[in-house]
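Peer 1: My structure is below; once you've seen it, I'll send some questions.
The values are calculated or read from the model by the stated rules, or taken from the named source; none is laboratory data. Please read all numbers here as calculations on a predicted model, not as lab measurements. We place every Cβ from the backbone using ideal geometry, glycine too, and count neighbours over all the protein chains shown. Ligands, DNA and RNA are stripped out before the accessible areas are found, and what is left, the full protein with its side chains, is counted by its heavy atoms. Shrake-Rupley method; radii C 1.70, N 1.55, O 1.52, S 1.80 Å.
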Amino acid sequence: MNNLVIRNATIVTPLGKHAKCGDEMSKLFTMANGAIAITEGKIAYCGSDATLPEKYLSVQYETIDAEGRVVLPGFVDSHTHLIFGGYRPDEFEWRLKGDSYMSIMERGGGIQSTVNATHEESSEALRDKAQWFIDRMVDMGVTTVEAKSGYGLDTQSEIKMLDVIDSLANDPEQKLRVVATFLGAHAVPKEYKGRTGEYVDLMIREMLPAVKGKAEFCDIFTEKNVFEIEDSRRFLKAARDAGFKLKLHADEIVTLGGAELAAELGAVSADHLLHVSDEGIKRMAESGTVATLLPLTAFALKEPFAPARKFIDAGAAVALATDLNPGSCFSGSIPLTIALACIYMNMTIEETITALTLNGAAALDLAAETGSLETGKSGDIVILEFNNYRMLPYYVGMNCVKTVVSKGRIVAQN
């Protein structure tokens with residue numbers, strides 16, 4: 001029945017059902033000697049242990065004594081490329097020797113390399129690999145993860161990837177919530193080289209109707225020499241008209257105007273944003289589009305980090321995610337994400353917690369359901385090893401998570 005009580009807890013959480021913007025990101029509710037009761041997977045009580053109603057002390061509830069440890073909302077990893085065939089360690093070595101991400105992509109490596117491997121790999125193999133990653137994500141406190149397609153680049157293969165995501169999401173034994181995003185516009189397939197507009201036509205005419213109902217979100221890699229602004233606008237408008245919520249890979253390699261486009265179209269999030277313009281930041285703050293920043297990718301590519309402080313100081317909502325993928329960022333490390341955000345992006349630990357919980361949920365349009373410890377929300381909870389949440393960046397790159405609860409069920413004990 002997923003009935004659980006956590007007692008003697010140091011509760012730390014943002015509050016609300018919408019993304020926190022600007023200065024609000026630093027405001028966390030904290031309570032020592034707290035308790036949380038979860039009934040049938042949802043939080044039924046969150047408050048003082050001293051006033052915990054007796055009905056939650058019955059044998060129908062499993063009890064955890066947190067022993068004063070910090071209890072947080074479960075982490076939300078709102079940007080991953082979880083489903084893929086093969087690996088690309090050779091390309092990582094090439095980048096270490098000075099090759100750029102785009103130069104590798106232009107000579108047939110990069111995304112196309114993974115597309116080839118994904119075509120060859122069975123659905124069962126793709127699913128098993130993805131579940132392996134999910135199990136490790138859960139150990140680091142992730143209770144909601146987004147998973148993109150995008151290594152198919154043809155209708156049949158994109159459907160294959162989305163069906164794998166669906167099988168993960170609807171597995172009754174699954175340890176976390178899985179959210180599907182269609183990313184057929186991840187790259188221009190080799191057979192459409194020089195004919196980007198025709199590939200966009202194909203996606204609008206054939207792919208969007210075929211994947212409707214298999215993904216909630218539609219994403220596009222808006223980048224110079226990939227899908228530039230006009231093609232991106234045309235595709236995203238068609239996706240919006242078809243009922244998809246919108247996301248963008250924006251301004252990752254060069255300043256192109258992806259952030260401005262995301263704001264114009266009312267996208268739920270724009271992601272990466274390493275080279276966002278000041279005007280793009282301003283417009284995203286005004287539109288409410290969540291800025292999902294991916295410090296692991298900047299770190300792995302040896303690129304400047306996204307300007308988190310500029311976004312927050314402009315009153316925007318910032319989320320953090322890992323960008324787990326086989327090419328530019330082969331890591332799903334929540335601990336390293338936290339460390340990089342605090343040390344190199346100048347985010348406070350309070351802002352970082354909000355970015356990985358409530359704002360991550362908002363980047364998936366789930367802030368009303370998860371991302372904070374409040375009555376009525378999903379029982380998605382992380383218990384740390386420590387009684388001080390400031391240990392998260394201080395214990396650099398190391399996992400501080402002791403226990404993970406997803407929808408009221410204990411899914412990890414480290």
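Peer 1: Build a GNM of the chain with springs between Cα atoms under 10 Å: which of Ser123, Ser26, Ser100 gets the top mean-square fluctuation?
Peer 2: Ser100
Peer 1: So if each residue of separation counts as 0.36 nm, and I subtract the Cα-Cα distance between Glu67 and Asn2, what length gain in nm does that give? Present the calculation step by step, with values, prior to reporting the outcome.
Peer 2: Details: separation 65, 0.36 × 65 = 23.40 nm, distance 2.14 nm.
Result for the pair: 21.3 nm of gain on full extension.
Peer 1: Between the helical axis of 123-139 and the dominant principal axis of the chain, each derived from Cα atoms, what acute angle in degrees is found, rounded to the nearest 10?
Peer 2: Long axis of 123-139 versus the principal axis of the chain: about 40 degrees.
Peer 1: Summarise the accessible area of the stretch 180-290 (1.4 Å probe, protein heavy atoms) by the percent that is carbon and sulfur.
Peer 2: 47
Peer 1: Given Lys27/Lys310; Lys42/Lys129; Lys212/Lys282, which pairs have Cα atoms separated by over 24 Å?
Peer 2: In this structure, Lys42/Lys129; Lys212/Lys282 lie more than 24 Å apart at Cα.
Peer 1: Quote the FRET efficiency, to the nearest 0.05, computed for Val59 versus Lys17 with a Förster distance R0 of 30 Å and r equal to the Cβ-Cβ distance.
Peer 2: 0.35
Peer 1: Near the amide H of Thr222, under 5 Å away, which other amide H atoms are found, from residues 5 or more places off or on another chain, if H is placed in the peptide plane?
Peer 2: His249
Peer 1: On to the next question. Just how far, in whole angstrom, is the stretch 293-347 from the stretch 41-120 if you go by their alpha carbon centroids?
Peer 2: So the separation of the two Cα centres works out to 14 Å.
Peer 1: Using the alpha-carbon centroid of each, what span in Å lies between the stretch 1-24 and the stretch 160-203?
Peer 2: Each part reduced to its Cα centre gives a spacing of 32 Å.
Peer 1: How far apart, in nm, are the 7 Å Cα→Cβ label points at Lys302 and Arg205?
Peer 2: About 4.4 nm separates the two model spin labels.
Peer 1: Using a simple spin-label model with points 7 Å from Cα along the Cα→Cβ vector, what separation in nm is obtained for Lys212 and Ile343?
Peer 2: 4.9
Peer 1: Starting at 0 and stepping by 5 Å, how many percent of the alpha carbon pairs of the stretch 141-190 end up in each bin?
Peer 2: All Cα pairs, binned at 5 Å, distribute as 5, 23, 26, 19, 13, 9, 4, 1 percent.
Peer 1: Could you work out the percent of alpha carbon pairs in the chain separated by over 37 Å, rounded to a whole number?
Peer 2: Looking at the chain, the distances longer than 37 Å represent 19 percent of pairs.
Peer 1: How much FRET efficiency would the formula 1/(1 + (r/R0)^6) give for Asp365 and Lys237, where r is the Cβ-Cβ distance and R0 is 22 Å, rounded to 0.05?
Peer 2: 0.70
Peer 1: Please state the shape class of the stretch 221-287: rounded when a/c is under 1.5, otherwise prolate if a/b exceeds b/c and oblate if not, all from the C-alpha gyration tensor.
Peer 2: It is oblate, given that a/c is not under 1.5 and a/b is not larger than b/c.
Peer 1: May I ask you to evaluate 6.51 cos²θ - 1.76 cosθ + 1.60, the Karplus curve with θ = phi - 60°, for each residue of the stretch 401-406 and list the ³J(HN,Hα) values in order in whole Hz, giving x for glycine and proline?
Peer 2: With the stated coefficients, the stretch 401-406 comes to 7, 9, 9, 10, 10, 10 Hz.
Peer 1: What spacing in nm lies between the two simple spin-label points modelled at Gln131 and Glu106, each 7 Å away from Cα in the Cβ direction?
Peer 2: About 4.3 nm, to one decimal.
Peer 1: Moving on. Okay, which of the stretch 275-314 sit inside 13 Å, backbone N to the point 7 Å along the Cα-Cβ direction of Lys224?
Peer 2: 275-276
Peer 1: Still on this model: Anyone know which of Asp77, Asp99, Asp23 comes out most mobile in the 10 Å Cα GNM of the chain?
Peer 2: Asp99
Peer 1: Please compute P(r) over all alpha-carbon pairs of the stretch 62-216, binned at 10 Å starting from zero, and give each bin as a whole-number percent.
Peer 2: Histogram of Cα-Cα distances, whole percents per bin: 10, 34, 32, 16, 6, 2, 0.
Peer 1: Can you give the net charge of the other residues whose Cβ lies under 13 Å from the Cβ of Thr39, counting K and R as +1 and D and E as -1?
Peer 2: +3
Peer 1: Right, another one. Quick one: net charge around Asn8, please, counting Lys, Arg +1 and Asp, Glu -1 for every other residue with C-beta under 10 Å from its C-beta.
Peer 2: -1
Peer 1: Full extension from Phe29 to Glu93: what is 0.36 nm times the residue separation minus their Cα-Cα distance, to one decimal in nm?
Peer 2: Separation in residues times 0.36 nm, less the Cα-Cα distance, equals 18.6 nm.
Peer 1: Still on this structure, I have one more. Given Lys97/Lys247; Lys20/Lys245; Lys224/Lys245; Lys214/Lys402; Lys20/Lys377; Lys20/Lys148, which pairs have Cα atoms separated by over 28 Å?
Peer 2: Pairs exceeding the cut-off: Lys97/Lys247; Lys214/Lys402.
Peer 1: Separate question: What FRET efficiency, computed as 1/(1 + (r/R0)^6) with R0 = 51 Å and r the Cβ-Cβ distance, is obtained for Asp278 and Glu173, rounded to the nearest 0.05?
Peer 2: 0.60
Peer 1: If we sort 228-234, 293-299 on the protection proxy, mean other Cβ atoms within 10 Å, highest first, what's the order?
Peer 2: Listed from highest to lowest mean packing, they are 293-299, 228-234.
Peer 1: List every residue whose amide H lies under 5 Å from the amide H of Leu82, counting only residues 5 or more places away in sequence or on a different chain, with H placed 1.01 Å from N in the peptide plane.
Peer 2: HN-HN under 5 Å from Leu82: Lys148.
Peer 1: Same structure, new question: Averaged per residue, what accessible surface does the chain expose to a 1.4 Å probe, in Å²?
Peer 2: For the chain, the per-residue accessible area is 38 Å².
Peer 1: What is the local net charge at Asp90, summed over the other residues whose Cβ is closer than 12 Å to its Cβ (Lys, Arg +1; Asp, Glu -1)?
Peer 2: 0
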